[in-house]
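Every read-out reported here was derived from the displayed coordinates using simple, explicitly stated rules and does not represent laboratory data. All values reported here derive from a predicted model rather than from experimental measurement. As a convention, Cβ positions derive from the backbone with ideal geometry for all residues, glycine included, and neighbour counts pool all protein chains shown.
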Amino acid sequence: MQVATALPPVAGDIHPLQAHQQARDQLTKIRRAASDFEALLIEQMLRSARESSAPDTDENDGAEQNSSLMELSEQQFAQSLANSGGLGIAKMVVAGLSKDANR
């Protein structure tokens with residue numbers, strides 16, 4: 001006796017469970033993109049703040065290495081801040097895009 005393993009399609013070609021999975025996957029992608037977007041904005045703000053407050057010096061003894069290290073730390077801090085809720089920008093983006101996705 002053979003047992004059917006595939007779920008029969010319902011109204012259209014997508015089974016309700018598949019539609020639910022697709023909606024959940026889409027929401028996950030939206031959240032990830034919104035968090036990455038917020039991290040990028042935070043990183044730009046940190047970079048602007050650092051550059052505006054950096055002293056103008058002509059000495060180059062390690063300034064390039066320090067700059068690279070600061071850029072890396074800004075990226076990591078921005079990503080961590082965005083992943084933990086950040087400024088709330090990602091939450092607003094998710095809310096807006098989720099409404100559009102449900103239309």
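Using θ = phi - 60° and the Karplus curve 6.51 cos²θ - 1.76 cosθ + 1.60, what whole-Hz ³J(HN,Hα) does each residue of segment 81-92 get, with Gly and Pro shown as x?
Per residue, the Karplus-derived 3J(HN,Hα) values read 5, 5, 5, 9, x, x, 9, x, 5, 4, 4, 5 Hz.
Ranked highest first by the average count of other Cβ atoms within 10 Å around their residues, in what order do 20-33, 70-83 fall? Walk me through the intermediate numbers first.
On the way: 20-33: 12.7, 70-83: 15.1.
Most protected by this proxy first, the peptides run 70-83, 20-33.
Could you please rank Ser52, Ser68, placing first whichever residue has the fewest other Cβ atoms within 10 Å of its Cβ?
Exposure proxy ranking, most exposed first: Ser52, Ser68.
Which ³J(HN,Hα) values in Hz, rounded to whole numbers, follow from the phi angles of segment 16-27 under the Karplus curve 6.51 cos²θ - 1.76 cosθ + 1.60, where θ = phi - 60° and Gly and Pro get x?
Here the 3J(HN,Hα) series is x, 5, 5, 5, 5, 5, 5, 5, 5, 5, 5, 5 Hz.
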